[in-house]
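Structure first, then comments.
The numbers here are math on the coordinates, done by the rules we state, and not lab data. None of these values were measured; they are calculated from a predicted model. Quick reminder, even Gly has a Cβ in these numbers, built from the backbone with ideal geometry, and neighbours come from all protein chains shown.
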Ligand code: GAR
């Protein structure tokens, strides 16, 4: 059973679905955040999961990442899952965890890397949107795609309504694809 660390920046609904999906493939040993006020951190605390929080704004990015790396290793994390982690990891950090970091992104990669994915899909007149679980490399949202789920874009969809339907699929996709990939 792989020991998993989860990185969040906010709400943490994907973190919750990863915790719910833990089993023989992985167990969640720590939740870390670059935002000490992230609501997902309180949820993790209340559920007895070790947490780490530090703001890069307070200490600088290099110190932040060194402390993050140390905390993850101290907690025994072997793999990392980004779950709404909204900050770019440095090349150095990615290299230290190479092939051992996955992310969930709210688009059908390689379409719409970066932010505002749902508004961009609607503006482009796409018929479908979705989410992707992918390996994290130095290239933003550019690593190998491990699994995707598609959601139709409906007439009258707003970025918000579409995001809500995609999020429901994220919650199903992420634990399943992560477990499959770890068992590969
Ligand atoms: C999710 O939709 C996730 O795919 C997205 O942020 C949301 C986080 O929600 N991630 C990104 O945009 C990464 N660039 P959550 O905190 O409730 O999981």
Residue 150-residue 180 FRET efficiency (beta carbon distance; Förster radius 22 Å; 0.05 resolution)
0.80
Test of understanding: what is the full-extension gain from residue 78 to residue 159, defined as 0.36 nm times their sequence separation minus their Cα-Cα distance?
25.6 nm
Taking Cα pairs closer than 8 Å and at least 6 residues apart, the relative contact order of region 15-68 in percent is 30
Which angle between 0 and 90 degrees, to the nearest 10, do you get for helix 61-74 versus the longest principal axis of the chain when only C-alpha atoms count?
70
Starting from the Cα gyration tensor of region 1-82, take the square roots of the eigenvalues, sort them a ≥ b ≥ c, and report rounded, prolate or oblate (rounded when a/c is under 1.5, otherwise prolate if a/b is larger than b/c, else oblate).
oblate
Would you mind computing, in nm to one decimal, how far apart the modelled labels at residue 91 and residue 139 are, each placed 7 Å from Cα along Cα→Cβ?
1.4
Have a look at the chain and give its Rg and Dmax from the Cα atoms, expressed in angstrom.
16.0, 49
Normalised by the residues of the chain, what does the relative contact order come to in percent, with Cα pairs under 8 Å and at least six apart?
21
Taking 8 Å as the Cα distance limit and 6 or more residues as the minimum spacing, I'd like the relative contact order of region 104-158 as a percentage.
37
Label-point separation, residue 24 to residue 57 (7 Å along Cα→Cβ), nm:
4.6
